[in-house]
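The values are calculated or read from the model by the stated rules, or taken from the named source; none is laboratory data. The structure displayed is predicted, hence computed values, not measured ones. Cβ placement follows ideal geometry from the backbone for every residue including glycine, while neighbour counts extend to all protein chains displayed. For the accessible areas, the whole protein counts, side chains as well, though only heavy atoms, and no ligand, DNA or RNA atoms are used. Shrake-Rupley method; radii C 1.70, N 1.55, O 1.52, S 1.80 Å.
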Amino acid sequence: MNTPEKYNEDHTDLENQIKYTEKVREILAAKKRINKACIITFGCQQNEADSERLMGQAISMGYIKTDIPDEADLIIYNTCAVREHAELRTLSRTGALKKLKEKNPNLVIGLWGCMVTQNHRMNDIKMKYPYVDFVAGTNMLHRLPEILCDVMVSGRRRYYVNEEPAVTVENVPVCRNSNLKAYVSVMYGCNNFCTYCVVPHVRGRERSRQKEHILDEVRGLIKNGCKEITLLGQNVNSYDPGNGYRFPDLINEICALDGDFTLRFMTSHPKDASDELLNAISHNPKVERHFHLPMQSGSTEILRRMNRKYTAEQYLDLARRIKSAVPDIALTTDIIVGFPGETEEDFEKTLDIVRELRFDSIFAFIYSPRVGTHAAQMEDPVTYEQKTARMARLLEMQTQISAEINASFIGKTVTALCDTREKMQNGLFAARTSSGKLVFFESELCGDELYGKTIEIKISRSTAAQIYGTKV
Ligand code: 5AD
Ligand code: SF4
């Protein structure tokens, strides 16, 4: 998709950005060649959504979208800082860009987002990666035209990382990766300061978009045939645009819109998940039957040191209430293994809850110290070997549970949205159920006939990761 779509009346600095857009257009036109932009995303869905806006702006300036870095004249890495592994991957891939710059002197290279919003990483880039032309923080999302114009006119390296208060950005051109599924940010930033987490440090304080803007965006998506909308925020339950309007109100209002679409949302913080939210899910068939509820740990003492503001009992109680309010719901979670000082007993408590709640799937991470966070100062006598051994035990338990849950689908018929046109490497088509489960299936139809359709699939076999069947 190469046509950027624009939405919303509100704007941030839009007039200036339009001027810069025109200027870059002129500079690119003078090169008398096709200019291509490649944006590579590391990290979470919020970053995916931000990258779609970076690409929208790039296209407005005259670039054509490409997924191939070798043929690009603009490469932006939209970076992640949540764990060290993500940062190291990005840095090593940044190193590989040197060769491309040597081959194409036209190439402009930028690093964007969470990793480089941290001063120490920005300085790393300054010192060790001289072929990176610009660095920009998360609060610059709407200013790509200005930044590119500055780099191109000055011919110098530029650093747009500062403490300016982050704003709620409207009216930025967007180029979506899919016309079937779309992310819609409802809020940005986080106020929670979980002690392990870098997000509040790099994405700033919470700010919510006005509901009119969100509803306009959603209406536009539905009109364009979008079938699945995911509302995004670090903690959607603290969505607060003022006037007492809350996230469950937004869910109800979106679900009341006409159209053949479903709604997802992520992420929910357990401390803020309310009965109103459960009501909104259970009363709206358009809300998908999937609840992602990060637990992080099953030990109340570790949760206290994580500053999560709930106990293990409160988490259990909430999860049970969700399951009884919406019996067919798939519950998934995030777990951090090896938080500083996590004892064997603490870890066993996490396993106990995993055993009891039988999550459909879990995302488990070994704790990664983050510069500037409180937990990075905590004493940590647990060795990395102990942590990896715990991780292996957790994954083994979850694999068994996921396999059992998936096996229970054999013989049943599930409803799923087919979201690929091509067969997968295993020779089957792929679809997702309302609960987010991946289903591989056989069909006589071709990909074009299946793509975007909600279909029924009779399940005949399963593994821990997915279920398999035939289109009914
Ligand atoms: N180390 C390991 N995992 C982390 N997460 C966030 N910060 C860290 C960290 N420092 C995990 C949490 C969060 C998910 C998005 O990433 O589980 O829910
Ligand atoms: Fe990080 Fe906690 Fe905010 Fe989630 S709620 S982004 S884990 S600080």
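Return the Cα extents of the chain along principal axes one, two and three, sorted largest first, each rounded to a whole Å.
If we take the Cα atoms of the chain, the spans are 63, 58, 50 Å.
Under a Cβ-only charge scheme (Lys and Arg +1, Asp and Glu -1), can you give me the dipole magnitude of the chain about the Cα centre, in debye to the nearest 20?
Charge dipole, the chain, about its Cα centre: 1180 debye, nearest 20.
Cα-based Rg of region 14-160 per 2.2 N^0.38 Å, rounded to two decimals? Display every interim value, and only then the final one.
Values: Rg = 14.1 Å, N = 147, 2.2 N^0.38 = 14.7 Å.
Its radius of gyration relative to the 2.2 N^0.38 Å reference: 0.96.
Please name which of Leu438, Tyr129, Pro270 has its Cα lying farthest along the dipole of the chain towards the positive end, using unit charges on Cβ (Lys, Arg +1; Asp, Glu -1) and the Cα centre as origin.
Tyr129
Would you work out the charge dipole size for region 326-461 about its Cα centre, treating the Cβ of every Lys and Arg as +1 and the Cβ of every Asp and Glu as -1, and quote it to the nearest 20 debye?
Values: 15 positive and 22 negative charges, 87 e Å.
I would put it at about 420 debye.
Mind grabbing the accessible area of Glu404 for me, 1.4 Å probe, Å², rounded to tens?
Accessible surface of Glu404 is approximately 80 Å².
Say the cut-off is 24 Å between C-alpha atoms; which of Lys223/Lys453; Lys223/Lys423; Lys36/Lys227; Lys412/Lys437 go over it? Please list the in-between numbers first.
Numbers: Lys223/Lys453 16 Å; Lys223/Lys423 28 Å; Lys36/Lys227 29 Å; Lys412/Lys437 14 Å.
Long pairs (Cα-Cα over 24 Å): Lys223/Lys423; Lys36/Lys227.
Can you sort Asp73, Asp240 by solvent-accessible area, 1.4 Å probe, largest first? Present the calculation step by step, with values, prior to reporting the outcome.
Working: Asp73 5, Asp240 85 Å².
Sorted descending by solvent-accessible area, the residues read Asp240, Asp73.
With unit charges on the beta carbon (Lys/Arg positive, Asp/Glu negative), name the residue among Met61, Phe42, Gly95 whose Cα is farthest towards the positive pole of the charge dipole of region 37-103.
Farthest along the dipole direction, towards plus: Gly95.
Dipole magnitude of region 181-407 about its Cα centre, charges +1 at Lys/Arg Cβ and -1 at Asp/Glu Cβ only, in debye to the nearest 20?
520 debye
With a 4.7 Å Cβ cut-off, tell me which Cys residues in the chain come up empty for a partner.
Singleton cysteines: Cys38, Cys44, Cys80, Cys114, Cys149, Cys175, Cys190, Cys226, Cys255, Cys418, Cys446.
Based only on the alpha carbon positions, what is the Kirkwood hydrodynamic radius of region 367-472, in angstrom? Working shown, then result.
Numbers: mean 1/r = 0.0615 Å⁻¹.
Mean inverse Cα-Cα distance, inverted, gives 16.3 Å.
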